[in-house]
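The values are calculated or read from the model by the stated rules, or taken from the named source; none is laboratory data. Owing to the predicted nature of the structure, the values given are computational and were not obtained by experimental measurement. With ideal geometry, Cβ positions are generated from the backbone for all residues, glycine too; neighbour counts draw on all protein chains shown. Quick note on the areas: whole protein, heavy atoms, side chains included, nothing else; ligands and nucleic acids left out. Shrake-Rupley method; radii C 1.70, N 1.55, O 1.52, S 1.80 Å.
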Amino acid sequence: MELKELESALESILFAAGEPVGVERLCLSLEVDRATIDAVAQRLMDQYSYERRGLRLVRLDTSYQLCSAPEYADYVRKTLENRKPARLSQPALEVLAIIAYYQPVTRAYVDQVRGVDSSYTVGLLLERELIEENGRLAVPGRPILYRTTKNFLRSFGLSSIEELPELPDTPKESGQMTLELEAAVEKLREEQQRASDAPPEEQK
């Protein structure tokens with residue numbers, strides 16, 4: 001398959017999917033290797049950006065997805081959505097930051113770091129699909145482990161967890177929110193502020 005044909009095929013798949021598609025799945029369907037998929041995706045990303053198209057191709061960890069360009073969010077919102085998505089509260093951002101940096105973690109660990117019960121907030125983040133269950137810890141009671149989702153990456157404009165601001169080496173069992181985590185929460189709040197200007201449909 002020629003390069004231009006690969007670009008068109010990849011574009012068609014991602015448009016039809018309407019959600020992130022894994023690189024391995026793309027490799028199998030297009031019968032090319034990972035390096036080729038990444039190269040073709042990068043060409044499309046550059047084209048959309050250079051030509052100021054209404055679409056953007058974004059990388060989410062080991063997946064790719066088509067979404068609308070953020071600069072046209074107002075037009076998309078006026079057409080498809082009358083209300084802005086609800087923003088996360090400070091407690092929700094705190095819990096999300098702990099899970100994002102120390103995942104996979106149990107709710108008991110989150111409670112220990114924050115010093116308060118986090119069961120309601122964890123449930124809220126599960127409903128918003130920002131976190132998900134990731135097995136159980138091999139200790140008595142087998143508590144559930146939690147990790148962030150692709151929706152978390154998408155919501156905060158990240159391609160992978162590695163793009164989170166790096167934290168200095170600090171003891172995890174601090175018993176309270178550390179200054180570093182508080183700074184991370186503020187960073188997440190800033191990212192959410194920018195993301196809240198774009199409607200959910202932007203990610204289609």
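Computed values, structure above
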quantity: Karplus (6.51, -1.76, 1.60) ³J(HN,Hα), θ = phi - 60°, over segment 64-71, in Hz, Gly and Pro reported as x; calculated: 10, 8, 8, 9, 7, 5, x, 5
quantity: Hull shadow area, averaged, segment 59-142 [alpha-carbon convex hull, nm²]; calculated: 7.8 nm²
quantity: Whole-percent carbon and sulfur share, accessible surface of segment 57-134, 1.4 Å; calculated: 48 percent
quantity: Alpha-carbon Rg/Rh ratio, for segment 1-89, with Rh computed the Kirkwood way; calculated: 1.04
quantity: Segment residue 28-residue 71, extension gain: residue separation times 0.36 nm, minus the distance between their alpha carbons; calculated: 12.1 nm
quantity: Using θ = phi - 60° and Karplus 6.51 cos²θ - 1.76 cosθ + 1.60, couplings along segment 96-106 (whole Hz; Gly, Pro as x); calculated: 5, 5, 4, 5, 4, 7, 10, 4, x, 9, 8
quantity: Accessible area per residue in Å² at 1.4 Å probe, computed on segment 5-109; calculated: 55 Å²
quantity: Label-point separation in nm, residue 129 to residue 46, each point 7 Å along Cα→Cβ; calculated: 3.3 nm
